[in-house]
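Just below is one structure, and these are the notes that go with it.
The values are calculated or read from the model by the stated rules, or taken from the named source; none is laboratory data. Source: prediction; values computed, not measured. Neighbour counts run over all protein chains shown; Cβ positions are idealised from the backbone, glycine included.
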Amino acid sequence: MKKILFVGITALAMASCTHDDYAPVSKQEQYQAVFEKEFGAVNPNVNWGFTPQQVFTFDKDGKLIGTRGSDPNANDWYQYLTVPAPLTDAQKEVVRKWFQNTKNPQGQKVNWSDFFVQQVYQGGTNPGSNSPEIYTINKPAGGTEQITGSEKMNWLACGSNAKEGDHIYNFNGGNASETNVGEGNNKFHKDRIMYMKDYNTTCFGFHDSYGSKYYYDSYVLIPGDIIDPIVAGMYFVGFDYKTEKNDNGKIEVRPDGYYSDWIVRIAPGLNAPGTVAMRVMVEDIIDSNLASVQTSDWDFNDAVFDVKFEYNWKDGHNQKFAVITLHAAGGTKYLTIGGQGDKGVEVHKALCVEEQGTMINTGNGATRPVAIFRIPVADNVNNANDIPVYVGAQELTAQKGEATQKLCVPTDVKWMKERVQFINTYEKFKDYVNSNTPDNWYKSVKNQENLY
Ligand SMILES: [Ca+2]
Ligand SMILES: [Ca+2]
């Protein structure tokens, strides 16, 4: 009852304001006040770390980065990516055995436009006692035929761009060919591995050459964490062979629930340290009740993402993209990157979490692998500050000399856990706000345990 009365009085007080000398206060002005209460006066020269970024090219001659597709130039990857290490025999074995011994495993999803595919196991070469991998087919005309599933699995494919998906170059017949990959003609990687750029991981499939049909419903994506500590942090895709054809009577192999007919590892295409990407850390407080902000509400972890810019040949012309690597979503609001509402990418969804109220990768709530996605940008865009970020209809901004909702830092800067004090973690942030120095305030970490 008391509360209702209070609200009534406030409304009355606010209504009367419009008849006084007070101008209505904008959201940003209210935000400025609470920001300065926490961090002190904002120096007019502070730009929050945002600067024009180099547009990504890996060719010294300034040649464009290349086409959408498989990138077989393994010797180039090291210049801009963190390339996954070759798998050890022990790692491959523990993964193979897990898939061979686990019937109908429950898979999960990841969301990567740029990723590696690394060969793990070709079914039939070392079958388990449960999982057949080599199948006996009863022919309609009588007699039987033995087929090894993996040998009929061609055109490993990913994503939903086309009905038949997109081929993962060089991955055929349950293995990767040696041309251009792995131990073939490059000396940079011992494993058979391919880098896929501007694809997606919505699904994986294969073309069955026995029945001549594509299958996109016979795979499972498993985190290494549930397999064995020696493959923790990795992700594996296993396929369960199936086939169907009419040969004057139906011939078929039904999936048997063992996804060991072909196993590959997939790994996100993470930016190499020290490359041209920059990290953006986002604070969504402006969309809260600004009358009741507490010091632990400031965490700049409501979205944490890296931005790099590159040109790509796609659909017949050169297009500029911001490649976004989303690390964390430490808020519970509808927060989009790249545009407002449907025009942008919602951060919880991007990290494959349906509930907007779940915080991700900030110590409270869910833990998920990064998301990697691409946003088309205009040719003149080269600053991470130009990637729009919205909380609902409210755009989050970082204006020079004004209280900010975004910070830009190098990609090795860690972000905050929930409910710990920003001001007691980055000791010199306040100095930076007040005097524009030091601009590497993020190196003044006082309580390391406050960082994720
Ligand atoms: Ca199987
Ligand atoms: Ca947060």
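Selection of segment 395-415 for residues being within 20 Å of Val42 (Cβ to Cβ) and surrounded by 20 or more Cβ atoms within 10 Å (Cβ to Cβ) yields Leu396, Ala398, Ala403, Thr404, Gln405, Lys406, Leu407, Cys408, Val409. If you scan segment 288-321, which residues turn out to be under 30 Å from Gln108 (Cβ atoms) and either among the aliphatic types (A, V, I, L, M) or part of a helix (DSSP H, G or I) (or both)? Within segment 288-321, Ala303, Val304, Val307 qualify.
Hey, can you tell me all the residues within segment 132-154 that are among the hydrophobic types (A, V, I, L, M, F, W, C) and at pLDDT 90 or above? Within segment 132-154, Ile134, Ile137, Ile147, Met153 meet the criteria.
Can you name the residue in segment 206-229 that is hydrophobic (A, V, I, L, M, F, W, C) and under 16 Å from Gly165 (Cβ atoms) and is also surrounded by the fewest Cβ atoms within 10 Å (Cβ to Cβ) among such residues? The residue in question is Leu221.
Filtering segment 336-394 to residues that are more than 21 Å from Lys314 (Cα to Cα), in contact with a Ser or Thr (Cβ under 6 Å, 6 or more places away or on another chain), free of Cβ contacts under 8 Å to residues at least 60 places away in the same chain and buried (at least 16 other Cβ atoms within 10 Å of the Cβ) leaves Glu346, Gly365, Tyr390.
I'd like to check something: does segment 145-157 contain any residue that is surrounded by fewer than 20 Cβ atoms within 10 Å (Cβ to Cβ) and hydroxyl-bearing (Ser, Thr, Tyr)? No: zero hits. When Phe309 is tested against (1) free of Cβ contacts under 8 Å to residues at least 40 places away in the same chain; (2) away from ligand 2 (no atom under 16 Å from the Cβ), just one condition goes unmet, and that condition is (1). The set of residues from segment 281-306 being more than 10 Å from ligand 2 (Cβ to nearest atom) and in contact with a Ser or Thr (Cβ under 8 Å, 6 or more places away or on another chain) comprises Phe305, Asp306. Just to be sure, is Ile266 of a type outside the set (Lys, Arg) and within 16 Å of ligand 2 (Cβ to nearest atom)? Taking the combined requirement at face value, the residue does not satisfy it.
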